[in-house]
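Everything on this sheet refers to the single structure shown next.
The values are calculated or read from the model by the stated rules, or taken from the named source; none is laboratory data. Not measured: the values here are computed from a predicted model. Reconstructed Cβ throughout: ideal geometry from the backbone, glycine too, with neighbour counts over all protein chains shown. Ligands, DNA and RNA are stripped out before the accessible areas are found, and what is left, the full protein with its side chains, is counted by its heavy atoms. Shrake-Rupley method; radii C 1.70, N 1.55, O 1.52, S 1.80 Å.
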Amino acid sequence: MPRKYVAGNWKMNLLKEEAEQLVRTLSENYTANPDVECIVCPPFPWLTQTKALLGETGIQLGAQNCAATEKGAFTGEVSAQMLASAGVRYVILGHSERRALFGEQGAVLLEKTKRVLEAGLTPIFCIGETLEERNAGKLEQVISHQLQEVLGHLSLPEVLNIVLAYEPVWAIGTGVTASPEQAEEVHTFIHGWLTKTFGSEASNVSILYGGSVTAENASGLFARNHIDGGLIGGASLKPADFLKIVNAW
Ligand code: 13P
């Protein structure tokens, strides 16, 4: 069975004290549930303070990006090894904002994924189509291409250490969520791609949904086949909403 996850992607939001306040409120109100891994992904400068504040709550720490190279003269970059030594367990890769705004595509995402796996961390690898691609009937083509250009170059044991996130670009930050039916359809396609490419063991790879998930719509999405949790943007900045989503099963 795939593990269940709810991960909060704070994106480029919150100053130091605001980040501290959010983590304090989460930590005070969170009850650990062995069935659901709860993750917060703050901006880089707040990783170590977040780690310290999370303490023994069981909430895990994720980062939003990392370098494609291991170390050295790469001014401004942050390596997967550095993240690991800061207590990070998960790294979001392939987010549509990094694809669209920073030109990150297959080759660089493959390198980043390898660095994250080498550092003993879990990539949360994001895929998803634009509205134009969906309307042009290219949904499955786009999804299989994004999977193939990264996962297609990895082994089954590596793939079993990855968490996938389906985030339709048209649903991110727009308030327009994919319906549970639309999400299930794509998750089922991704699940089929995994088992066709890697065999039945790949059924254990978790596939999260992301895109305007709220405290209100989460349980309808999580009730669907092959939807193993959520990657949450806006609602992860509101602790009460985020915790409702964590408890939405
Ligand atoms: P929203 O939940 O704000 O739509 O963002 C989704 C997302 O991009 C999470 O990575």
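Summary table below
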{"item": "Two-site FRET efficiency, T48 against V176, from Cβ-Cβ distance with R₀ of 41 Å, rounded to 0.05", "result": "0.70"}
{"item": "5 angstrom amide H check on S206, placed H, neighbours 5+ away", "result": "R3, L164"}
{"item": "Region 24-99-region 100-176 distance, computed between alpha-carbon centres (Å)", "result": "18"}
{"item": "DSSP bridge pairs, the chain: antiparallel proportion in percent, nearest 5", "result": "0"}
{"item": "Total lysine pairs whose alpha carbons fall under 27 Å of each other in region 112-249 (8 or more apart, or interchain)", "result": "4"}
{"item": "Span-rule helices in the chain, defined as complete DSSP H runs reaching 30 Å or more along the axis (Cα) with Kyte mean at least 0.0", "result": "none"}
{"item": "From phi via Karplus (6.51, -1.76, 1.60), per-residue ³J(HN,Hα) for region 4-10 in Hz, x at Gly/Pro", "result": "9, 9, 10, 10, x, 9, 6"}
{"item": "Three semi-axes of the equivalent ellipsoid, the chain, Cα gyration tensor, whole Å, largest first", "result": "25, 22, 17"}
{"item": "Accessible surface of region 128-181 [probe 1.4 Å, protein heavy atoms]: carbon and sulfur percent", "result": "52"}
{"item": "Filtered trypsin sites (Lys or Arg not before Pro), region 1-72: DSSP coil and at most 15 other beta carbons within 10 Å", "result": "R3, K71"}
{"item": "Gain upon complete extension [A100, R3; 0.36 nm per residue less C-alpha separation]", "result": "32.0 nm"}
{"item": "Solvent-accessible surface (1.4 angstrom probe) belonging to E20, in square angstrom, nearest 10", "result": "50"}
{"item": "Helix-only [θ]222 nm of the chain, DSSP H runs n ≥ 4, -39500 (n - 2.57) each, per residue, nearest 500", "result": "-11000 deg cm²/dmol"}
{"item": "Solvent-accessible area per residue for the chain (1.4 angstrom probe, square angstrom)", "result": "45"}
{"item": "Additional length obtainable on full extension of the chain from W249 to E118, 0.36 nm per residue less Cα span", "result": "43.9 nm"}
